[in-house]
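> I have a structure I would like to understand better, so I am pasting it below and will then ask my questions one at a time.
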Amino acid sequence: MSAYDRIGQQLSDQALDYVRAISPYVIGKPVDEVAREFGLTDIIKLASNENPLGASPRARAAVRSLDDLNIYPDGSGYALKTAIAKKFDLAPSAITLGNGSNDLLELVARAYLAPGRNAVFSAHAFAVYALATQATGAQAKIVPALSPDHPTMPYGADLPAMAAAIDADTRVVFLANPNNPTGTWVDEPSLRQFLQTLPSDIIMVLDEAYSEYVDRAFYADGRFPDGLALACEFPNLVVTRSFSKIYGLAALRVGFAVGHPQVIAMLDRVRQPFNVNSLALRAAEAALGDEDFIQHSRAVNAVGLAFMVDALASRGLSVIPSLANFVTVNTGLPAGLVFDALLREGVIVRPLGGKTDTGGLSCHIRITIGTQAQNERVLAAMDRVLTSLRATTG
């Protein structure tokens, strides 16, 4: 080993133990890399739950001017926060902005977690909950999810079990609704009951990155909770939302959090001064008001989701109930094998069964709902891949 590398190893060893123990988030393969690796020219990416319709036309128009790239962005995000406040009837002081909603999850962890404290969340939850918790030296208390055989919500979050896992050292509870990567959800009465019994000194983060995809009827009849309304009622609830999904702005990285102004002020204390760039601020403000695009995206997704669920079920494949813009399906074969085989077909999906999973999803893949043509293509590719793999694996 060279002196240069030896010193590098020494410096690595000096990092905090709980930082060195982190397994980095595994990012899905980009289209260009798959094209180079397999010599393909026609590839569809259905791995990261991006909007297949692209970005809001209003957002695209808002970022055409690049005249002020030499000027720092508005660190307070005044215009965007004002637009969010107006649309959802909130006080601007109850809102902060993030470099995507991931950034906001990190802010909560940095403000409220530390060695000797813990965060509670469900198995099969978004991987960033564990990463953000571990990066602070806090303990992650991962609660087993509902059984795969549960009659209504297989693999869903078990709220009573999560409540039972809370102890004197718990400072944060993470819950995604709908959940990523399963698509499962908790209803309004169940969530309200959980919040009513949650100790008032514990922050609950309700991650609603996919909530805009939920059919409005689910809100109207109380089957799905409105987190922003609940945040005005429960001072220890922080709701995060993203512009990366239905708004189609994943490349720009912008999200927002809503909570009690004093809690939001704590997040602002650990937030970087210019954490959201100027183009993202302008695009998000424009996209927020593009109701036609939002409704169209929701409608296209609803049709595609129903089509994919029926098509997969007709092939004898078990599908987890979903209200999001993706479907998680049990292929009956190791997810990694199916993922690799689909790559060679020019189809990129997401294999599950990661570090925070208890093994129950090791044969599952997550497929983003695409256009009808993309949906049909992934089904045709799966037919070929599963037939071949079943033949070779016995």
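The values are calculated or read from the model by the stated rules, or taken from the named source; none is laboratory data. Since the structure is predicted, the reported quantities are computational estimates derived from the model, not experimental observations. Cβ: placed from backbone, ideal geometry, glycine included. Neighbour counts: every protein chain shown. Areas reflect the complete protein model, heavy atoms only, side chains present, ligands, DNA and RNA absent. Shrake-Rupley method; radii C 1.70, N 1.55, O 1.52, S 1.80 Å.
> Check ILE365 against each of (1) without any contact (Cβ under 8 Å) to a residue 40 or more places away in the chain; (2) closer than 27 Å to THR133 by Cα; (3) open to solvent by 20 Å² or more (accessible area, probe 1.4 Å) and name the one condition it does not meet.
(3)
> Let me spell it out: the conditions are (1) at pLDDT below 95; (2) surrounded by fewer than 22 Cβ atoms within 10 Å (Cβ to Cβ); (3) assigned to a loop (DSSP other than H, G, I, E, B), and ALA391 meets all of them except one. Which number is the exception?
(3)
> Within segment 22-48, which residues are open to solvent by less than 60 Å² (accessible area, probe 1.4 Å), touching a strand residue (DSSP E or B) at 6+ places or on another chain (Cβ under 9 Å) and either modelled with pLDDT under 75 or on the phi > 0 side of the Ramachandran plot (or both)?
Selection gives GLY28, LYS29, VAL31, VAL34.
> Considering only residues that are exposed (fewer than 13 other Cβ atoms within 10 Å of the Cβ), without any contact (Cβ under 8 Å) to a residue 40 or more places away in the chain and closer than 13 Å to ALA286 by Cα, which ones fall in segment 57-87?
Result: ARG64, single match.
> Considering only segment 172-207, state which residues are of a type in the set (D, E, K, R), surrounded by fewer than 23 Cβ atoms within 10 Å (Cβ to Cβ) and touching a helix residue (DSSP H, G or I) at 6+ places or on another chain (Cβ under 8 Å).
ARG192
> Can I ask one more? Could you grab me the full set of residues in segment 289-305 that are open to solvent by less than 60 Å² (accessible area, probe 1.4 Å), more than 9 Å from ARG58 (Cβ to Cβ) and of a type outside the set (S, T, N, Q)?
Passing the criteria: ILE294, ARG298, ALA299, VAL300, ALA302, GLY304, LEU305.
> Out of contact with any Phe, Trp or Tyr (no Cβ under 8 Å at 6 or more places or on another chain), buried (at least 22 other Cβ atoms within 10 Å of the Cβ) and among the aliphatic types (A, V, I, L, M): is that true of ALA132 in this structure?
Yes.
> Condition test on VAL19, is it touching a strand residue (DSSP E or B) at 6+ places or on another chain (Cβ under 8 Å) and touching a residue at least 40 places away in the same chain (Cβ under 8 Å)?
no
> Out of ALA341, ALA324, ALA302, report the one residue that is free of Cβ contacts under 8 Å to residues at least 60 places away in the same chain and aliphatic (A, V, I, L, M).
ALA341
> Given the conditions (1) at pLDDT 95 or above; (2) out of contact with any strand residue (DSSP E or B) (no Cβ under 7 Å at 6 or more places or on another chain), report the number of the one that TYR72 does not fulfil.
Just one mismatch for TYR72, condition (1).
> Restricting to segment 216-259, name every residue that is of a type in the set (Ser, Thr, Tyr) and open to solvent by 20 Å² or more (accessible area, probe 1.4 Å).
Result: TYR219, single match.
> State the number of residues belonging to segment 306-327 that are open to solvent by less than 50 Å² (accessible area, probe 1.4 Å) and in a loop (DSSP other than H, G, I, E, B).
Summing the residues that are open to solvent by less than 50 Å² (accessible area, probe 1.4 Å) and in a loop (DSSP other than H, G, I, E, B) in segment 306-327 gives 6.
> Could you figure out which of (1) within 14 Å of ALA287 (Cβ to Cβ); (2) more than 22 Å from the chain's Cα centre (by Cα) isn't true of GLY54?
(2)
> Quick one: which helices (runs of 4 or more DSSP H) lie wholly within segment 55-149 and hold at least 1 residues that are among the aromatic types (Phe, Trp, Tyr) and within 30 Å of PRO181 (Cβ to Cβ)?
Answer list for segment 55-149: 78-88, 101-112, 127-135.
> Please pick out the residue among PRO148, PRO160 that is open to solvent by 20 Å² or more (accessible area, probe 1.4 Å), farther than 25 Å from LYS245 by Cα and in contact with a Phe, Trp or Tyr (Cβ under 7 Å, 6 or more places away or on another chain).
Result: PRO148 is the single residue among PRO148, PRO160 that is open to solvent by 20 Å² or more (accessible area, probe 1.4 Å), farther than 25 Å from LYS245 by Cα and in contact with a Phe, Trp or Tyr (Cβ under 7 Å, 6 or more places away or on another chain).
> Within segment 22-29, is there a residue that is farther than 30 Å from HIS296 by Cα, of a type in the set (Ser, Thr, Tyr) and touching a residue at least 60 places away in the same chain (Cβ under 8 Å)?
yes
> Considering only residues that are open to solvent by 40 Å² or more (accessible area, probe 1.4 Å) and in a helix (DSSP H, G or I), look in segment 337-357 and name the one that is farthest from ILE43 (Cα to Cα).
Here the answer is LEU337.
> Of everything in segment 305-321, what is closer than 19 Å to ALA373 by Cα and in contact (Cβ under 8 Å) with a residue 24 or more places away in the chain? Give them in sequence order.
LEU305, PHE307, MET308, ALA311, LEU312, ARG315
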